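Data first, discussion second: the structure below is written as structure tokens.
The values are calculated or read from the model by the stated rules, or taken from the named source; none is laboratory data. Just so it is clear, the structure is predicted and the values come from calculations on it, not from any experiment. When we count neighbours, we look across all protein chains shown, and the Cβ atoms used for this are built from the backbone with ideal geometry, even at glycine.
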Amino acid sequence: MKIGMKMESADTPAQAAGLSTLPRQKKLMTMAGVFMAMFLSSLDHTIVGTAMPRIMADLGGFGQYTLISSVYIVASAIVMPITGRLTDMYGRKPFYVGGLIIFIASSVGCGFSHTLAQMVIWRAIKGLGGGIMMATGFTVIGDLFPPARRGRYIGIGSALFGLAAVVGPILGGIITDRFSWPWVFFINVPLGVVVVILFLIYFPYMRPDSKPHRIDFAGIITLILTVLSFMLALAWGGGRYPWFSVQIAVVMGFSLAMLAIFIWIEWHCQEPILPLSLFGNSIVVLCLAIIFLSGFGMYGSVIFIPLFFQGVLGVTATTSGSILTPMMLGVIGGSFISGNLMSRAGGHYKRQGYAGIAVMALGMWLLSRMDAGTSTTHGLINVALAGFGLGITLPLYTIALQNAVPYGLLGVATSSAPFFRLLGGACGLAIFGAVMRHRFALELRSGLSESLKAALPQDLLLNMANNPQVLVDPERQKQLEVALTQAASQVAGADLFQQLLQSLRHCLEAALSRTFFVALITVVIALVCHLFLKEIPLRARHTPSDMVG
């Protein structure tokens, strides 16, 4: 079924045709720049985490520990779909180079920050640069290669995100210990300059067409307000304010109102920033739904995996920091294999999607079945399996999206994939956090013995019900043991302390098992959506085509 949005003019694919016929050397050097930029932007997510305790110690504000990361993620999410559409209208090169320059300049600003406020501002600006780079990278691959040949390159690009997650924490720790934390930001400067030079020399500037365009400023503003207020509600819900509080209701209501206004604007706009015709395409809708759900299930639950290993299995904090490495190695392997299969085995994204989501679901099911008796080795295998399934899915839905839209919408369609994955992860994190806290509190109220309830002050019980941090914080454990010893005799206090730790581990085990099971349900829903995804042959060359659905 054709959806009525044709190529805007006969010369719309000029950029694709021009870039796809670049000399081999220019193509390879351009791809080198794309891969370096992808690695650089994804590395920034992970390398900073290791340096965060030192940064907060110098700048102050431990109460705002997550703010530095949150502003980067929110800024990246906001700019992605906007950048994708603007590159469709004005060409890729100025935005890619501009994003790199913003990223480099803000890295310098972060390194020279002397207050928390300065750091937050520069990280927000850096998020804009990183979001522009992430939105444009896979689109440039779409410019250089037709869908039938994109698999291996998009697979490599997806694998780089996993590689950055493995390398980043190690590199961040080395740089912070041997030099100082500003160098985790300064390292971006020489690498970024190299990428800018590669793009300036080898990546030609080609506009899709020569006609004048009108930027949809009203759509941009309402989209920003929609996403910003939505992310703010997710960040505040269950923490600063209860989920059903007036404050959360007002912020979420404002987000919904802005969304309604945004849809109305896009419906009446001649050149909308997010064309609604995209959502009349069944392939696009299902791909974005699956991307959102897989992001919801996987990225939303991944933060709780180290908590399980440390709080339930009792591994050390140092060891738990590397627990996600097998998952990222699985992502790398799955992305690389999936991308190459897409290019070499006929581009059957439907079959590969079944395999990827099924493996991901199996990994999540095994995670939901873990308990205190699970060995660390078995736990790591489960984590790696879930990551491998996720890796399989990463390249194929991007390619399916790109193959289903006309070239004039390549940028906005491609950038929608990481945008929806990020939104899914943010929603998953908020929902799973609420599920975990609710289940833990229920288990704690029903699982503690009467002797423990009598020995523990009510305010301490309430605090533990809302935050099981005592299981992963040796200092808090010592304080709690002293408090119990003072409340009872030396022997009885020590015995009560061991009972309490055992009860807390059981409560956390039950809470995280429920959390992983809910994540499994979202992955299963993604598999159901995949059942209805229509597979169309991947185009072997850049040609004008109608949107199909």
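Worth a mention:
- Residue match in the stretch 29-39 (condition: in the same structural domain as Pro190 (by TED's automatic domain parsing), under 25 Å from Ser158 (Cα atoms), surrounded by fewer than 18 Cβ atoms within 10 Å (Cβ to Cβ) and modelled with pLDDT under 75): no
To keep it simple, each residue is scored yes or no on (1) closer than 23 Å to Gly151 by Cβ; (2) of a type in the set (Lys, Arg); (3) modelled with pLDDT under 80; (4) assigned by TED's automatic domain parsing to the domain that holds Phe35.
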position	(1), (2), (3), (4)
Val315	no, no, yes, yes
Thr318	no, no, yes, yes
Thr325	no, no, no, yes
Gly333	yes, no, no, yes
Phe336	yes, no, no, yes
Gly346	yes, no, yes, yes
Arg351	yes, yes, no, yes
Leu362	no, no, no, yes
Trp365	no, no, no, yes
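- Test: Gly314 is surrounded by fewer than 20 Cβ atoms within 10 Å (Cβ to Cβ) and out of contact with any Asp or Glu (no Cβ under 6 Å at 6 or more places or on another chain): yes
- Tabulated pairs, the stretch 196-216, first assigned by TED's automatic domain parsing to the domain that holds Leu22, second basic (Lys, Arg) and at pLDDT 85 or above, C-beta under 7 angstrom, 6+ apart or interchain: Phe199/Lys93; Phe203/Lys93; Tyr205/Lys93
- Scope the stretch 225-250; condition over 18 Å from Leu422 (Cα atoms), modelled with pLDDT under 95 and of a type in the set (Val, Ile, Thr); matching residues: Val246, Ile248
- Matching option when the condition is surrounded by fewer than 19 Cβ atoms within 10 Å (Cβ to Cβ), part of a helix (DSSP H, G or I), among the hydrophobic types (A, V, I, L, M, F, W, C) and not assigned by TED's automatic domain parsing to the domain that holds Met231, among Ile101, Ile73, Ile78: Ile101
- Count of the stretch 253-291 residues which are small (Gly, Ala, Ser) and closer than 27 Å to Tyr397 by Cβ: 5
- Total residues in the stretch 254-271, condition surrounded by 13 or more Cβ atoms within 10 Å (Cβ to Cβ) and closer than 16 Å to Val412 by Cβ: 6
- Number of the exception - Gly168 against (1) buried (at least 23 other Cβ atoms within 10 Å of the Cβ); (2) at pLDDT below 90: (1)
- Taken as a whole, the condition of being under 26 Å from Thr222 (Cα atoms), surrounded by fewer than 20 Cβ atoms within 10 Å (Cβ to Cβ) and among the aromatic types (Phe, Trp, Tyr) does not apply to Tyr96.
- The helices (runs of 4 or more DSSP H) falling completely within the stretch 366-456 that include 1 or more residues that are under 16 Å from the mean Cα position of the chain (by Cα) map to 376-404, 410-447.
- Candidate set: the stretch 171-218, residues that are small (Gly, Ala, Ser) and under 23 Å from Gly98 (Cβ atoms); chosen: the one surrounded by the most Cβ atoms within 10 Å (Cβ to Cβ): Gly192
- Scope the stretch 8-25; condition crowded, with 17+ Cβ neighbours inside 10 Å and modelled with pLDDT of 70 or more; matching residues: Leu22
- Residue in the stretch 155-177 that is more than 24 Å from the chain's Cα centre (by Cα), part of a helix (DSSP H, G or I) and in contact (Cβ under 8 Å) with a residue 40 or more places away in the chain present: yes
- Meeting the requirement of 3 or more residues that are among the aliphatic types (A, V, I, L, M) and over 23 Å from Gly425 (Cα atoms), the helices (runs of 4 or more DSSP H) wholly within the stretch 220-338 are 246-268.
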